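The values are calculated or read from the model by the stated rules, or taken from the named source; none is laboratory data. All figures in this text were calculated on a predicted structure; none of them were measured in a lab. Neighbour counts are summed over all protein chains in view; Cβ atoms, including those assigned to glycine, are modelled from backbone coordinates with ideal geometry. Note: accessible area is taken over every heavy atom of the protein model, side chains too, but ligands, DNA and RNA are not part of it. Shrake-Rupley method; radii C 1.70, N 1.55, O 1.52, S 1.80 Å.
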Amino acid sequence: MNHKQVTILGVPFIHTNQNDFVQLLKQRIESEQKTFVVTANPEIVMKANEDSNYMDTIKQANYIVADGIGVVKAAKILNQPLPERVTGYDTVMDLLNLANEHRYRIYLLGAKQEVLEKAVNKINTKYPNANIVGSHNGYFDWNHNQIAEEVASLQPDIVLVALGLPRQEQWIAQHIANFNKGIFIGVGGVFDALAGEVKRAPEIWQKLNLEWFYRLVKQPSRWKRMLVLPHFVMKIYGQKVKGRK
């Protein structure tokens, strides 16, 4: 099935909302359709524009979703509005709920060992019917490891990859041909949130689209990453002007 797309600075986003997207993933799990998902915020869009190899990598994904209010606002500026954010965090929580309901098999890859263990324990406690079949921390020799072989042998329904940008998307793209089925999704700092290392913004901040600001207040070291936003906005208006010609 072809889904409507909105292209922002060369990155094709699926036109969907959170609920519909999760239902789509559920259908693909049940039909054992291998699926590569990228949850893209402005930082990922800008990285893709600066690095053609990374752009090629994320374009291998079956679906790229708008994880960030900046992407949603950019789509509106371009007169191609997206329904809403489809965040990596919410998608993971929804997938865990489905895993608990249907006993899906899950593999976790990424983060420090202690964070990974806390995340696994949290999932086991909150989602007792979800079947965690394996996990590995994010510290490994890229060229000499058997992680992909392990994942292939375990046949998980959901693989959560928390290696950060751009490694998580690169790992999935490099190895996905080895797998027969499963949802493969880069989830950034979601393991930290699951482990309780980082708290998500209160709901009121989320509703006001100020989650990014809350995270900046809590983690001032993120300010350098925020510098990408003005450049992103400038490029969006540049795309809009080109579109008028």
Q: Check region 135-154 and report whether any residue there is surrounded by 18 or more Cβ atoms within 10 Å (Cβ to Cβ) and within 19 Å of A61 (Cβ to Cβ).
A: yes
(Q) So E169 ticks every box in (1) within 15 Å of N41 (Cα to Cα); (2) open to solvent by less than 20 Å² (accessible area, probe 1.4 Å); (3) modelled with pLDDT under 90 but one. Which box is left unticked? (A) (3)
Q) Is it true that some residue in region 46-53 is of a type outside the set (D, E, K, R), at positive phi and either modelled with pLDDT of 95 or more or surrounded by fewer than 22 Cβ atoms within 10 Å (Cβ to Cβ) (or both)? A) no
Q. Which pairs do you get when a residue that is touching a residue at least 12 places away in the same chain (Cβ under 8 Å) and loosely packed, with under 15 Cβ neighbours inside 10 Å, found in region 175-186, comes within reach of a residue that is of a type outside the set (D, E, K, R) and part of a helix (DSSP H, G or I), reach meaning Cβ atoms under 6 angstrom, with the pair 6+ apart or on two chains?
A. N178/A148; N178/A152
Q: Filter region 52-88 for residues that are touching a Ser or Thr at 6+ places or on another chain (Cβ under 9 Å) and more than 20 Å from V22 (Cβ to Cβ) and give the result.
A: L78, Q80
Q: Return the pairs, sorted by first residue and then second, in which the second residue is of a type in the set (D, E), the first residue lies in region 91-112 and is farther than 20 Å from G138 by Cβ, the beta carbons are less than 6 Å apart, and the residues are 6+ apart or on different chains.
A: Y104/D157; R105/D157
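Residue under question is K76, and the condition is that it be on the phi < 0 side of the Ramachandran plot, touching a residue at least 60 places away in the same chain (Cβ under 8 Å) and assigned to a helix (DSSP H, G or I); does it hold?
On the way: on the phi < 0 side of the Ramachandran plot: yes; touching a residue at least 60 places away in the same chain (Cβ under 8 Å): no; assigned to a helix (DSSP H, G or I): yes.
No.
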Q. Does any residue of region 26-39 turn out to be without any contact (Cβ under 8 Å) to a residue 12 or more places away in the chain, surrounded by fewer than 18 Cβ atoms within 10 Å (Cβ to Cβ) and out of contact with any helix residue (DSSP H, G or I) (no Cβ under 9 Å at 6 or more places or on another chain)?
A. yes
Q: Mind telling me which of the residues I69, I58, I123 ends up being among the aliphatic types (A, V, I, L, M) and modelled with pLDDT under 95?
A: I69
